[in-house]
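Rule-based calculations on the coordinates, nothing more; no lab input. All of these numbers come straight from a predicted model, not from anything done at the bench. Cβ coordinates were reconstructed from backbone atoms using ideal geometry, including for glycine residues, and neighbour counts include every protein chain displayed.
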Amino acid sequence: MWSYGTRGVVHQILLADTTLYAVDDRGWVYAMDARTGESHWARRVAYTDARPWLGILPGTDPGLYLTGDKLYALYSATGEERWRLDITALGTPAVSHQAVCCVARDTDGRNLDELTLVEPYLGERITLDRMSLARSVVGERDSFTAPAVADDGTIVLGGRGGVVHGLDLVKHGIGVADARDHKILRLPGHARFSPAAPLVTQGIAYLGTATKGGLVAVDLNSMKDIWTRRLGLDGETWSTPAVGDRHDRYGLVYATGYASVHAVDRSTGEPAWNYYHGSPTPSSPAVANDVLYVLTRSGELIALDAREGGPALARRAYAPFGGGPVPAPVAAHGLVHFATADRVLRAVPQARARAT
């Protein structure tokens, strides 16, 4: 339906209403109409070898937050910079009206990572009244997942050794917060989580694991694990899981394995279907109108029936990716939006699920 050439290889796509945002490996950020591909603006923000990642707070200004060698806040309508902080942040930030949350290199040179909170409008670090955040959520280099924020503002992230953190913040004015409740769950036998952010929905966090089982469901209210499910033969997932949209009728959660796609029951973790193919599938899945979309490292876009799985409804090959991350597709407005390694953003019509 439309295509858009980018300066670098896009590794992340996000949607806010009708605006599509993308960021590439050269530090360029793009905003365009998701329906037509018309460019709103394009701006190079990060000048660094650290791969930048985007977070969105829709309906606010600044509404875009970019990690990398620094933490940037951008006006979503123009791409202009609002503020920046000297924080070397890793992965996608989780953004709420209370805070911008990111995993950052510590400032003491100890080769550690820590969860850092920043006031979203003024760009000031948030300090906690009753506890030091650096002492509460700190670990070895590359030991944390990216954070996620639940609907009630709880910050969720996983750490090395199968530790799940749930941090409930109460904001007290500008730049000060109270860690009212910091819950920790230690899962036995899980040495490493996927670096991708957990999926948090309806009080449940779904975390992908890279060892011993592929998907874990955690009740954030009781901070207890509900189920653990090994995902097929490869038994691992490296991306954020997905659930269906508001029209979803099946109650499934979807995750990608090494070269496979899986659907399991949200309540029990029981497998619904598995789909295997020949190429690694590191992208997160996208679901719309009973169809599941994944993008493989070989550059193949695959559409699957979200209820039944394979065989594929549709598949088409584009330019293969190298060793970098593969962006998750975005399905909205009757289109599937995805990026390919030939530096092109594309939109194609959504597939149709089989009648059952």
If amide H atoms are modeled at 1.01 Å from N in the peptide plane, then the residues at a separation of 5 or more from Leu112, or on another chain, having amide H under 5 Å from its own are Asp106
Compute the label zone of Arg352 within region 271-290: residues whose backbone N is under 18 Å from the point 7 Å along Cα-to-Cβ.
288-290
Cβ-derived FRET efficiency at R0 35 Å, Val344 paired with Glu80, nearest 0.05
0.85
Zone of Thr201 (label point 7 Å along Cα→Cβ, backbone N under 16 Å): which residues in region 261-301?
262-270, 272-273, 284-294
Go through Val216, Ala312, Thr145 and say which Cα lies farthest out towards the positive end of the charge dipole of the chain; charges sit on Cβ, +1 for Lys and Arg, -1 for Asp and Glu.
Ala312
What base-10 log of the normalised intensity I(q)/I(0) is obtained for region 196-309 from the Debye formula, alpha carbons as equal point scatterers, at q = 0.12 Å⁻¹?
-0.35
Would you please name the chymotrypsin sites (Phe, Trp or Tyr not before Pro) within region 1-89 that are DSSP coil residues with at most 13 other C-beta atoms within 10 Å of their C-beta?
Tyr47
Can you give the translational diffusion coefficient of region 244-356 in µm²/s, computed by Stokes-Einstein from the Kirkwood radius over Cα pairs at 10 °C and 1.306 mPa s?
113
What fraction of the Cα pairs in region 56-129, stated in percent, has a spacing above 19 angstrom?
28
Gaussian network model of the chain, Cα springs within a sub-10 Å range: biggest mean-square fluctuation belongs to which of Ser267, Ser143, Ser76?
Ser267
Quote the charge dipole size of the chain about the Cα centre in Debye, to the nearest 20; the model charges only the Cβ of Lys and Arg (+1) and of Asp and Glu (-1).
580
Hey, what's the per residue convex hull volume over the C-alpha atoms of the chain, in cubic angstrom?
124
Would you tally the net charge around Thr48, using a Cβ to Cβ cut-off of less than 14 Å, leaving Thr48 out, and scoring K and R as +1, D and E as -1?
+1
Considering only Phe338, Phe321, Phe144, give the residue with the highest GNM mean-square fluctuation for the chain, with springs between Cα atoms whenever their separation is below 10 Å.
Phe321
Semi-axes a, b, c in Å (a largest) for region 72-111, each sqrt of 5 times a Cα gyration tensor eigenvalue, come to 23, 12, 8
In Å, the Kirkwood hydrodynamic radius from C-alpha pairs for region 1-86 sits at 12.8
